[in-house]
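Novice: Take this structure, written in structure tokens, and hold onto it; I'll ask about it next.
The values are calculated or read from the model by the stated rules, or taken from the named source; none is laboratory data. Because the structure is predicted, anything quoted here is derived from the model rather than measured. Here the Cβ is made from the backbone with ideal geometry for all residues, glycine too, and neighbour counts use every protein chain on show.
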Amino acid sequence: MIGRLKGWPLLGVTLISCGIDFNAYFNTYYNLKNLAGRIDRLEEIGDTLNVKRLYDSLEIKSAYLIKYYPRSKYLPDAVFLYGIGIFKERSINSSQRAKLELGRAHR
């Protein structure tokens, strides 16, 4: 009887560890989606100071999901959000440079 139960504890530990892994990358994706929603709300009200910082965070978190969970079903969304973060951050930086140049021109 005990000989037949030898593999069950190992199977239980394996299943539990797989469940923890799934939760880890789902939580990462969930946090990523919440961050994107927070950025959208801040952009609507025009809070550009916090938006730039959050775009940096969006890039880092989406890159984490892409790097550590490459087989995830959330990978396409993470790549999309990573691209948005890079694009928007560059546009914010270029608009800030343009504002500085306009400020210098009007002195």
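Novice: Only residues in segment 34-51 that are free of Cβ contacts under 8 Å to residues at least 24 places away in the same chain and more than 21 Å from ALA78 (Cβ to Cβ) count as the first member; pair them with residues that are in a helix (DSSP H, G or I) and of a type in the set (Lys, Arg), Cβ under 9 angstrom, at least 6 apart or cross-chain, and list the lot.
Specialist: From residues that are free of Cβ contacts under 8 Å to residues at least 24 places away in the same chain and more than 21 Å from ALA78 (Cβ to Cβ), the pairs are ASP47/ARG41; ASN50/ARG38.
Novice: What's the total number of residues in segment 39-68 that are under 8 Å from the mean Cα position of the chain (by Cα), farther than 12 Å from ILE84 by Cβ and not β-branched (Val, Ile, Thr)?
Specialist: So the count comes out to 5.
Novice: Name the residues in segment 46-74 that are over 16 Å from LEU35 (Cβ atoms) and buried (at least 16 other Cβ atoms within 10 Å of the Cβ), would you?
Specialist: Residues satisfying the conditions are TYR69, SER72.
Novice: Those residues that are at pLDDT 85 or above and small (Gly, Ala, Ser), I need them from segment 26-73; list them, please.
Specialist: ALA36, GLY37, SER57, SER62, ALA63
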